[in-house]
Amino acid sequence: MQAPLRVAITGAAGQIGYSLVFRIAAGEMFGPQQPVILQMIEIPNEKALKALEGVAMELDDCALPLLKGMVMTSDPNIGFKDANVCCLVGAKPRGPGMERADLLKDNGKIFISQGRVIDQVAADNCRVVVVGNPANTNCMIAASQAKRLPTERFTAMVRLDQNRAQAQLAKKAGVDLTAVSDIFIYGNHSPSMFPAFAHAKISGRPATEVIKDQAWLQGPFCETVGKRGAAIIAARGLSSAASAANALINHVRSLWTPGTVHSVAVQSKGAYGFDPHVWAGMPVKTTTPGSFEPITTYALDEFAKGKVAATNKELVDERAMVLPMLTA
Ligand code: NAD
Ligand code: LMR
């Protein structure tokens, strides 16, 4: 057996947390040979910490052989201590009448302080994945505080969007889900994201040859994927949780599996026209466990260029809203 990996999870008693921690402890994130220690972080609030105690009791009751320890805390200095992977799930949700700018500011404060603490106390090889919304910009904010850890270690999740796009293409083509490959997400985890259907394959053939309905691909397909989060909130009265936890498992598992090509929001270096200061979804190839190289060679047609420009603009605008915080 290998030494346990320390996995820190913020918002561990929330909806996503409840769908996530058991699967990590069961070996789904790092495989059946990799023991883990879960370092679960909640806000310093009696109800949240009580709920976290309940989660820990249930983890005990699962008798999972890979789970080698648990930390439950509201102190990020304890929760992120020596963490090899930090899953930043906890964030303030948007309340009634709240503008996106207000949400950015409130969550910006959280991600500034978490980025700072992670940089100070996490393990040297730490990887950080941001799920809490607005995920791309929160990731950029956390990374802005890193002095010790390289900023490439900070990624945000767009895997849920990739999974959604894959499922929609399979449904439309009437094929098994596994027949769909090479569908990647560009830009922001928001309705502006672009699922690049022109590069997708269905049973090894270009998706655009199998689904000849270009109007559907450019219209309802992009819209369904982009607005899926809102559709789930409208149906459930709560945001996606099981599928978000599943996507986080996929994100990290793919990042730990050399050779895998998958969608990740990464620090832009200008590829595809993304501003070099934002974190943008794009295809990456995992090189060694936890490390990747962006794939920058896909050609974008005029339609794709327009979509990428729009999602880039949104990311640039979000950054502008929080910039005073980053330089304070
Ligand atoms: P939730 O409200 O059920 O749970 C969030 C938990 O985080 C709560 O228990 C809360 O106490 C905790 N929390 C808040 N601030 C914290 C902090 N500073 N430190 C530690 N814990 C903190 O929400 P949820 O449904 O689990 O969703 C969590 C976040 O994930 C939301 O921002 C949501 O919008 C986002 N989300 C992202 C995606 C994606 O694809 N990127 C998908 C679904 C949801
Ligand atoms: C999702 O995509 O399901 C989440 O980000 C929730 C949301 O606000 O859209």
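The values are calculated or read from the model by the stated rules, or taken from the named source; none is laboratory data. Just so it is clear, the model here is predicted, and its values are computed rather than measured. Backbone-built Cβ (ideal geometry, glycine too); neighbour counts: all protein chains shown. What goes into the accessible areas is simple: the full protein's heavy atoms, side chains included, and nothing from ligands, DNA or RNA. Shrake-Rupley method; radii C 1.70, N 1.55, O 1.52, S 1.80 Å.
Among the conditions (1) in contact (Cβ under 8 Å) with a residue 60 or more places away in the chain; (2) surrounded by fewer than 22 Cβ atoms within 10 Å (Cβ to Cβ); (3) away from ligand 1 (no atom under 12 Å from the Cβ); (4) of a type in the set (A, V, I, L, M, F, W, C), the only one that residue 143 does not satisfy is (2).
In this structure, is residue 75 over 24 Å from residue 30 (Cα atoms), assigned by TED's automatic domain parsing to the domain that holds residue 38 and free of Cβ contacts under 8 Å to residues at least 40 places away in the same chain?
Answer is yes for this residue.
Restricted to the range 127-160, and to residues there that are closer than 14 Å to residue 190 by Cβ and of a type in the set (S, T, N, Q), the residue that is modelled with the lowest pLDDT is 133. Checking each residue in the range 286-328 for being assigned to a loop (DSSP other than H, G, I, E, B) and open to solvent by 40 Å² or more (accessible area, probe 1.4 Å) picks out 287, 288, 289, 296, 297, 298, 299, 301, 328. In summary, residue 217 fulfils each of the numbered conditions (1) away from ligand 2 (no atom under 11 Å from the Cβ); (2) open to solvent by 50 Å² or more (accessible area, probe 1.4 Å); (3) in contact (Cβ under 8 Å) with a residue 12 or more places away in the chain with the single exception of condition (2). Residue check: is residue 124 surrounded by fewer than 16 Cβ atoms within 10 Å (Cβ to Cβ) and either at pLDDT below 95 or within 12 Å of ligand 2 (Cβ to nearest atom) (or both)? Taking the combined requirement at face value, the residue does not satisfy it. The conditions of being farther than 30 Å from residue 20 by Cβ and modelled with pLDDT under 95 are not met by residue 276. Checked against (1) at negative phi; (2) open to solvent by 10 Å² or more (accessible area, probe 1.4 Å); (3) within 14 Å of ligand 1 (Cβ to nearest atom), residue 33 passes all but a single condition, namely (3). Of the residues 203, 239, which is modelled with pLDDT under 95 and open to solvent by 50 Å² or more (accessible area, probe 1.4 Å)? Of the residues listed, the single one that is modelled with pLDDT under 95 and open to solvent by 50 Å² or more (accessible area, probe 1.4 Å) is 239. Listed by first and then second residue, the pairs with beta-carbon distance under 7 Å, at least 6 apart or on different chains, first residue in the range 38-59 and in contact (Cβ under 8 Å) with a residue 24 or more places away in the chain, second among the aromatic types (Phe, Trp, Tyr) and near ligand 1 (Cβ under 9 Å from one of its atoms), are 55/18. Each residue in the range 227-250 was checked for being part of a helix (DSSP H, G or I), within 12 Å of ligand 1 (Cβ to nearest atom) and either out of contact with any helix residue (DSSP H, G or I) (no Cβ under 7 Å at 6 or more places or on another chain) or within 26 Å of residue 127 (Cβ to Cβ) (or both), and 13 of them qualify.
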